[in-house]
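The values are calculated or read from the model by the stated rules, or taken from the named source; none is laboratory data. Just so we're clear, the structure is a prediction, and the values are computed from it rather than from any experiment. The area values use the complete protein model at the heavy-atom level, side chains included, leaving out ligands, DNA and RNA. Shrake-Rupley method; radii C 1.70, N 1.55, O 1.52, S 1.80 Å.
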Amino acid sequence: MQKWIDTRGGSSPYSQGQVTPLRLQGPGSLWSLVLAGGHGERLREYTEQRFGAYRPKQYCAFMGKRSMIQHTWRRAKALCLPHQVVTVMDQSHWGYVRTQLIQESLGRVVWQPDNRGTGPGVFLPLSYIRTHDPHATVVLWPSDHFIFPVEPMIQVVHDAVAFVQEHPHRMVLLTVPPQSRDQDYGWVIPGARVSHPGGVQVREVRRFVEKPDGSQLEDIALSGGQWNTLVLIANVQTLWEAGRQCIPEVVMPLEDHAGGIGTSSEHQRLLHLYRTMPTRNFSSDLLSLIPQQLHMMDLTEVYWSDWGRPERIQETIACMRRRELCGVANEAVGRVWTKSRQNETVQEECTVVMG
């Protein structure tokens, strides 16, 4: 029987020193991969001031009672069985997240020995999913984004999953209309529309530009550029092949490491591998190089924000407190707020959906 072992540098079910069986999956199951390995350095001063001590932003509850990663887990579990939610974390984060992990009922954590950027941050946990379900469809979830309301987004992800399962050699990025000409985002320039049954709007990607300079933004905006949310839906093997093509120095050592998954040497092998693991960015070192393999689907009636800067968090909280969702149609806002559950305040509803 296949097992994942708690190695504190490999994979675990949360309780240390325990070996637990992994359920065998049917062919082509749907998995969620939650990205939570960053240290949140740009928000260090803000979190220290707000909470009295530093902690990575994904473990912070900026509004309500749940942290950003807990909201991300809820979105992931809306799509997948709990044991098919895989989270990558830095092993130095154990003290911040231990209590939150105990409160949740979901899949496995892959502990990375060190943060080497989103390239290894994606492909390390992907190597575990690929080992146990080589035909899986995977949804990538950043853990530092605010999304409201959640339901329309989940529906778009369902549509994207159906598209990818029908066309396993294609990958789909979710995008949102830009609210400014911010250079700090990845920008996706749409191409031709792709016919797909059911009225789902899918477009090819003409270009992907990560954090463009000012001279590029005008042309990008005039070309209908959208913000990249980094929510990606892909067949595990298709994404792995893209990694081989673009960042083989990351993917090939992880491919060798996969042979030791579930063995007593897993932890030591991973530590050794990370001594020479290069730092790579998933967007600039991979996505920007393969626009021909990407498709895009737009998120509408959803307010999305990447909480990478303090001012974005403050802006979002101010909007929510005014019961306004910046950039979302007034009709949609009305529907969102009138759907509050009985005996729940607006604040509690925000707590349910905040991510």
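Net length available on complete extension from Glu41 to Arg321 is 98.1 nm, with 0.36 nm assigned per residue and the Cα-Cα distance removed. Dividing the C-alpha radius of gyration of the stretch 33-162 by 2.2 N^0.38 Å, with N its residue count, gives 1.05.
Starting from the residue with the highest accessible area, list Glu249, Glu266 in decreasing order, probe 1.4 Å. Intermediate results must be reported in sequence, preceding the final value.
Numbers: Glu249 70, Glu266 0 Å².
The residues order as Glu249, Glu266, largest area first.
The convex hull around the C-alpha trace of the stretch 68-129, projected and averaged over every direction, spans 4.2 square nanometres.
In angstrom, the C-alpha Rg and Dmax of the stretch 173-282 are 18.5, 55. Each listed q (0.16, 0.18, 0.19 Å⁻¹) maps to a log10 I(q)/I(0) for the stretch 139-193 from the Debye sum over equal C-alpha point scatterers, namely -0.65, -0.82, -0.90.
Treat the stretch 116-246 as a sphere of radius equal to its Kirkwood radius over Cα pairs and apply Stokes-Einstein at 37 °C in a medium of 0.692 mPa s; give the translational diffusion coefficient in µm²/s, rounded to a whole number. List each step's numbers first, then the result.
Working: Rh = 15.9 Å.
Estimated via Stokes-Einstein, D reaches 206 µm²/s.
Extent of the stretch 215-258 along its three principal axes (Cα atoms, max minus min coordinate, largest first): 44, 22, 13 Å.
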